[in-house]
1. Report, by residue number, each residue of segment 51-74 that is closer than 16 Å to residue 126 by Cα and either over 17 Å from the mean Cα position of the chain (by Cα) or in a strand (DSSP E or B) (or both).
2. With the condition being crowded, with 19+ Cβ neighbours inside 10 Å and under 15 Å from the mean Cα position of the chain (by Cα), I'd like the strands (runs of 3 or more DSSP E) fully within segment 86-158 carrying at least 2 qualifying residues.
3. Would you mind telling me which numbered condition in (1) touching a strand residue (DSSP E or B) at 6+ places or on another chain (Cβ under 6 Å); (2) surrounded by fewer than 12 Cβ atoms within 10 Å (Cβ to Cβ) residue 28 fails?
4. Can you pull out the residues in segment 75-85 that are buried (at least 16 other Cβ atoms within 10 Å of the Cβ), assigned to a loop (DSSP other than H, G, I, E, B) and out of contact with any helix residue (DSSP H, G or I) (no Cβ under 7 Å at 6 or more places or on another chain)?
5. Pairs under 6 Å by beta carbon, first residue at negative phi and modelled with pLDDT of 95 or more in segment 7-32, partner outside any helix (DSSP H, G or I) and buried (at least 18 other Cβ atoms within 10 Å of the Cβ), six or more apart or different chains?
6. Suppose we filter 50, 40 for residues that are surrounded by 13 or more Cβ atoms within 10 Å (Cβ to Cβ), under 13 Å from residue 133 (Cα atoms) and touching a strand residue (DSSP E or B) at 6+ places or on another chain (Cβ under 9 Å); which single one remains?
7. Could you tell me whether residue 72 is surrounded by 12 or more Cβ atoms within 10 Å (Cβ to Cβ), at pLDDT 95 or above and at positive phi?
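The values are calculated or read from the model by the stated rules, or taken from the named source; none is laboratory data. Source: prediction; values computed, not measured. Using ideal geometry, Cβ is built from the backbone for each residue, glycine included, and neighbour counts are taken over all protein chains shown.
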């Protein structure tokens, strides 16, 4: 059974173990550092049979080494999957149940026969597609981890 919480913990550990090397590379070239960061993320994801990426929507955040693996993650399980294996309403209902009533769960990215859900949180968002999940929020929140554990077990690796 694949758990999001274990994936994030392993990613954080890999980032921490390579912190000094990343710092040196970052001082020389943020572009090369970005590649190395995602090489580490890719390695971690490959151990779980998925593609794991870190994103930096604010390019200055690449200099915050301690935040690597805590936010702005992309997890691709099957980039060709177009529909969810369970009803979208079940996914939205579970989000509200686990994360709380203070979120907005809405259909999104619904075109060309594709499905998607966007969860608008107090401090970010989660984009859930049939083959991937993109977390534009702090993933260290236990409620977020619990929900993502549920997603991996019930949507992505059924």
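1. 52, 53, 54, 71, 72, 73, 74
2. Once the strands (runs of 3 or more DSSP E) in segment 86-158 are filtered for at least 2 residues that are crowded, with 19+ Cβ neighbours inside 10 Å and under 15 Å from the mean Cα position of the chain (by Cα), what remains is 117-121, 124-129, 132-138.
3. (1)
4. The one that is buried (at least 16 other Cβ atoms within 10 Å of the Cβ), assigned to a loop (DSSP other than H, G, I, E, B) and out of contact with any helix residue (DSSP H, G or I) (no Cβ under 7 Å at 6 or more places or on another chain): 81.
5. 7/48; 8/139; 11/69; 12/69; 15/68; 15/69
6. It is 50.
7. yes
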